[in-house]
Amino acid sequence: MLEIQDLSIRFSRFQRGMKQVQTEVLHHLSLSIHAEEIVAVVGSSGSGKSLLAHAILGILPGNARVSGHMEFKGEALTPKRQKQLRGREIALIPQSVQYLDPLMSVGEQVRQAVRQGDPVEKQRGAFRRFHLAQQVADFFPFQLSGGMARKVLVSTATVSGARLFIADEPTPGLDAPAMKETLGRFRLLAEEGGAVMLITHDIEAALTVADRVAVLYAGTVVEIACRSDFADHGSGLRHPYTKALWSALPSQHFTATAGSQPLPGEKLEGCAFASRCEAATQECRIQFPGLRGVRNGKTRCLHAT
């Protein structure tokens, strides 16, 4: 459904004296998502998860420069094609509820997203699935709680008839039953032939529905693992950062890793995680590793076996 190869994103900006500089925030990122699959994209804040979503949709700001190759259903994802597909074949479930139009009722916003069938019935059906009272359709965004607004955003995407859904942190603010319902809806979309990119900080919630997990660190994918690899003490995982991320969860060892993620644009020659990795060698500090296959997954670690 979606194929991304060697994607990099740079932003142009001016420093004092009108000197133009380039800041690279995504580096040689590769990822694929197939029909009937949910891929969770996880990583700490600033790792590039939302930028990846915006690059796929073609909604990056004007000072962004994109290189690499993206395909949707086997055809190049050019700016013209992104515009044609956005909101139709590819739907975004955004992180911010500010994407809702403050001057339009939320019911009308959901109905406008419908491409086939009766818009009123589609909107009512979506509200029933997400346990929104029908009178909520007449509300304006300022009248919604955070959880209600997120349900409206999910409803808008699911009625569109899209085949690829990019869900950017769709669960914050939802109670446990609503979260389970939302994630279950993504699973149903995948089973109906769609593909879902689930961007989230909540690894444990993602693992309840995801088929594979792509781990981002400092602007690139450092590991792609099957859901089953996230078990026990993380012995099935390949990259030291993924293992550290797994160990930091309260349900695991709750172990912190010293150091911090490099800032966007920080010049790095080797592995971005080398300064925090106990197993790093001199080779790790000077060589940027490629994404290679290891044990039915992929990783950027030079020493993974």
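The values are calculated or read from the model by the stated rules, or taken from the named source; none is laboratory data. Just so it is clear, the structure is predicted and the values come from calculations on it, not from any experiment. Neighbour counts are summed over all protein chains in view; Cβ atoms, including those assigned to glycine, are modelled from backbone coordinates with ideal geometry.
Of note:
- The set of residues from the range 250-274 being small (Gly, Ala, Ser), within 15 Å of residue 44 (Cβ to Cβ) and surrounded by 13 or more Cβ atoms within 10 Å (Cβ to Cβ) comprises just one member, 272.
- The set of residues in the range 237-290 being among the acidic types (Asp, Glu) and farther than 28 Å from residue 13 by Cα consists of 278, 283.
- Residue ID - farthest from residue 178 (Cα to Cα), chosen from residues in the range 127-150 that are of a type in the set (Gly, Ala, Ser) and part of a helix (DSSP H, G or I): 137
- For the range 230-240, the candidate set comprises residues that are surrounded by 22 or more Cβ atoms within 10 Å (Cβ to Cβ) and either within 18 Å of the chain's Cα centre (by Cα) or in contact (Cβ under 8 Å) with a residue 40 or more places away in the chain (or both); within that set, the residue that is farthest from residue 258 (Cα to Cα) is 238.
- Check on residue 64, at pLDDT 95 or above, closer than 19 Å to residue 220 by Cα and buried (at least 16 other Cβ atoms within 10 Å of the Cβ): no
- Near pairs, Cβ below 6 angstrom, 6+ apart or cross-chain, from the range 130-156 (in contact (Cβ under 8 Å) with a residue 40 or more places away in the chain) to any residue that is among the basic types (Lys, Arg): 130/151
- Taking the listed residues 85, 92, the one that is free of Cβ contacts under 8 Å to residues at least 24 places away in the same chain, aliphatic (A, V, I, L, M) and surrounded by 13 or more Cβ atoms within 10 Å (Cβ to Cβ) is 85, with no other qualifying.
- Pairs with Cβ under 6 Å, 6+ apart, first in the range 268-295 and touching a residue at least 12 places away in the same chain (Cβ under 8 Å), second of a type in the set (D, E, K, R) and surrounded by fewer than 14 Cβ atoms within 10 Å (Cβ to Cβ): 286/269
- Filter result for residue 36 (crowded, with 17+ Cβ neighbours inside 10 Å and of a type in the set (Asp, Glu)): no
- Selection of first residues in the range 162-180 that are under 23 Å from residue 88 (Cβ atoms) and of second residues that are hydroxyl-bearing (Ser, Thr, Tyr) and not in a loop (DSSP other than H, G, I, E, B), restricted to Cβ pairs under 8 Å at least 6 apart or on distinct chains, gives the following pairs, ordered by first then second residue: 165/158; 168/50; 170/182.
- When restricted to residues that are buried (at least 17 other Cβ atoms within 10 Å of the Cβ) and either within 30 Å of residue 265 (Cβ to Cβ) or in contact with a Cys (Cβ under 8 Å, 6 or more places away or on another chain) (or both), the range 174-209 contains 7.
- Some residue of the range 296-304 being of a type in the set (D, E, K, R) and over 25 Å from the mean Cα position of the chain (by Cα): no
- Condition met for residue 243 (at pLDDT 90 or above and either of a type in the set (Lys, Arg) or out of contact with any helix residue (DSSP H, G or I) (no Cβ under 7 Å at 6 or more places or on another chain) (or both)): yes
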